[in-house]
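**Student:** Handing you this structure, nothing more for now.
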Amino acid sequence: MSGSWPATDFPQLNDSDFEITSPATRDYNCIGWAAGEMRWWEPDPDETYFWPETAPREYSLAAYIAAYESIGYTICDNAAQESGFEKIVLYESDEDYPPHAARQLAPEKWTSKLGPYEDIGHTTLECLNGELYGHPAYYLKRPVSHPAPE
């Protein structure tokens, strides 16, 4: 099974690591998808895209964490599933802000929106490691019962 993305974007992503769960679209990005929304989240200065009002509208790790904190997430230590919580992970690369976010669905089951390409379910976080997304670095969790985004 292969997606519409260039294989060079995700050199560690093998067919056994993932399944395509929805068609390619530019309607939303991984940051919004990790928040559980099908809309584009980005702190662009022109305010073209959605960004939580309480988070700084800037491209920084602190701003992305604040965006997720605005919907009930808090920093945690790891990606291990915890009963009563849902988790996300922010990836770290050479950028000043996280280039990717993924949401946990179950133990060893994550969901990601791959740029303008498909959403996938994947079994590891490391299968997306590479130059494009970097590596998993920051973990956040929130209780399963959470406030709705603004």
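FYI, it's all coordinate maths here, none of it is from the lab. The structure displayed is predicted, hence computed values, not measured ones. Backbone-built Cβ (ideal geometry, glycine too); neighbour counts: all protein chains shown.
**Student:** For the range 36-49, take each phi angle, set θ = phi - 60°, evaluate the Karplus expression 6.51 cos²θ - 1.76 cosθ + 1.60, and give the result in whole Hz per residue in order, putting x for glycine and proline.
**Tutor:** Calculated HN-Hα couplings, in order: x, 10, 9, 9, 7, 9, 6, x, 4, x, 7, 6, 6, 10 Hz.
**Student:** Then there is this: Percent antiparallel among DSSP beta bridges with both residues in the range 7-143, to the nearest 5? Each step should come with its number before you reach the end.
**Tutor:** Numbers: 26 of 27 bridges.
Antiparallel: roughly 95 percent of the beta bridges in the range 7-143.
**Student:** A further question follows. Distance in nm between label sites at ARG26 and TYR49, each 7 Å beyond Cα in the beta-carbon direction?
**Tutor:** In this crude spin-label approximation the distance works out to 1.3 nm.
**Student:** What net charge is computed for the residues neighbouring THR21, neighbours being all others with C-beta under 9 Å from the C-beta of THR21, Lys and Arg scored +1, Asp and Glu -1?
**Tutor:** Values: positive: none; negative: GLU19, GLU118, ASP119.
In short, -3.
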